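The values are calculated or read from the model by the stated rules, or taken from the named source; none is laboratory data. Keep in mind the model is a prediction, meaning the values are calculated, not measured. Every residue, glycine among them, receives a Cβ derived from its backbone with ideal geometry; neighbour counts consider all protein chains shown.
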Amino acid sequence: MDAILNEIAAALDKGGVVPYLGPELLEQGGDNPVPASFEALAVRLSARVTVPFKIRTNMTAAAQYIENFKHRKTLVAVMKEIFQPPVAPSALHRYFASLPKLPLLVDTWYDAAAQAALAGRPSWGQIQGVSRAEHRDQWVKYYQTDGTETSEAQAAGWDTVLYKPFGSIAPAANFIVSDSDFVEVLTEIDIQTPIPPVVQALRSGRSFLFIGCHFRNQLERAYARQTMKRSSDGPHWAVLPGELTKNEIKFLEEQNIQRLDIAAADFFEALHGLPIAA
């Protein structure tokens, strides 16, 4: 384990790692006002709009039901209500944001903790996935640090890019969350169309570090696989404590991802205590 941690620390210091954050990372931040898993979000959605019992723990299906029977505007309003409370960055958010070289950070949840952690960096911006139901001809939008929308050309000059493939509450409440949202993306993602060119360029030659996420369902695996496509040959790493499903084990093997069976908090303590290579 120490050898792997040293390898990760050295690669992070050189800017050779893309941290890929999942919703469960929010559990490291103490009291958390927003849901920190697909299932928890489904329950919160279902608590605000009545949905059929069989889909109350299925995020994408619950969101689709609300969109179909209450309108897209209602779904967006509910998502804004759920994710409006400020979320304090965890120790790992702050650690990644403090790295001298951080070309690309991927965050696959709707909160704004990563944005808050990055606020002190001199040159950064974010790219967010957007719903084709609201933005028919666009896959993503680009935002400067003050929330102003900008262009792909401008994003190419940022020192650090925050990529939020599912969208985010901040600055403009973009949400890819319903079945139809994800079908649009997954139909094209194999040929990389929804992945912005800036992200495709920055991932090249770099390893990925997955933390706060699992690979239990097809959606999680597809996004991870296609986001890291044409990056380095590895190794990549995933902080994944506890028992894994057969699909997760198979996915890690296929993608050359080394598993660290350690909690995110313990990973941070171990990594943070290591001397970073000069």
When (1) at positive phi; (2) surrounded by 22 or more Cβ atoms within 10 Å (Cβ to Cβ) are applied to Leu118, the one that fails is (1)
Hey, could you check region 244-276 for residues that are touching a helix residue (DSSP H, G or I) at 6+ places or on another chain (Cβ under 6 Å) and assigned to a helix (DSSP H, G or I) and say which is surrounded by the most Cβ atoms within 10 Å (Cβ to Cβ)? Ala264
Selection from region 71-102 of residues that are closer than 17 Å to Arg203 by Cα and surrounded by fewer than 17 Cβ atoms within 10 Å (Cβ to Cβ): Lys101
Residue hits (region 224-243; part of a loop (DSSP other than H, G, I, E, B) and among the small types (Gly, Ala, Ser)) are Ser231, Ser232, Gly234, Gly242
Using the structure shown, decide if Arg216 is among the basic types (Lys, Arg) and modelled with pLDDT of 95 or more. no
Would you mention how many residues in region 90-141 are under 22 Å from Ser178 (Cα atoms) and not polar (S, T, N, Q)? 18
Picked from region 37-79 (must be in contact (Cβ under 8 Å) with a residue 40 or more places away in the chain and among the small types (Gly, Ala, Ser)), the residue nearest to Ser90 (Cα to Cα) is Ala63
Are there any pairs, at least 6 apart or on different chains, whose C-beta atoms fall under 6 Å, with the first in region 120-134 and without any contact (Cβ under 8 Å) to a residue 60 or more places away in the chain and the second among the acidic types (Asp, Glu) and surrounded by fewer than 24 Cβ atoms within 10 Å (Cβ to Cβ), and if so, which? Ser123/Asp159; Arg132/Glu184
Failed condition for Gly15, given (1) touching a residue at least 40 places away in the same chain (Cβ under 8 Å); (2) among the small types (Gly, Ala, Ser); (3) out of contact with any Lys or Arg (no Cβ under 6 Å at 6 or more places or on another chain), with all others met? (3)
Which numbered condition in (1) surrounded by fewer than 16 Cβ atoms within 10 Å (Cβ to Cβ); (2) of a type in the set (Lys, Arg); (3) within 22 Å of Gln218 (Cα to Cα) is the only one that Arg56 fails? (1)
Does any residue of region 175-192 turn out to be under 27 Å from Ser98 (Cβ atoms) and buried (at least 17 other Cβ atoms within 10 Å of the Cβ)? no
Any residue at all in region 147-155 that's charged (D, E, K, R) and farther than 20 Å from Lys80 by Cβ? yes
Taking the residues in region 124-170 that are aromatic (Phe, Trp, Tyr) and out of contact with any helix residue (DSSP H, G or I) (no Cβ under 7 Å at 6 or more places or on another chain) as candidates, determine which candidate is farthest from Met228 (Cα to Cα). Tyr143
From the set of residues in region 121-136 that are touching a strand residue (DSSP E or B) at 6+ places or on another chain (Cβ under 7 Å) and within 22 Å of Pro194 (Cα to Cα), which is surrounded by the fewest Cβ atoms within 10 Å (Cβ to Cβ)? Val130
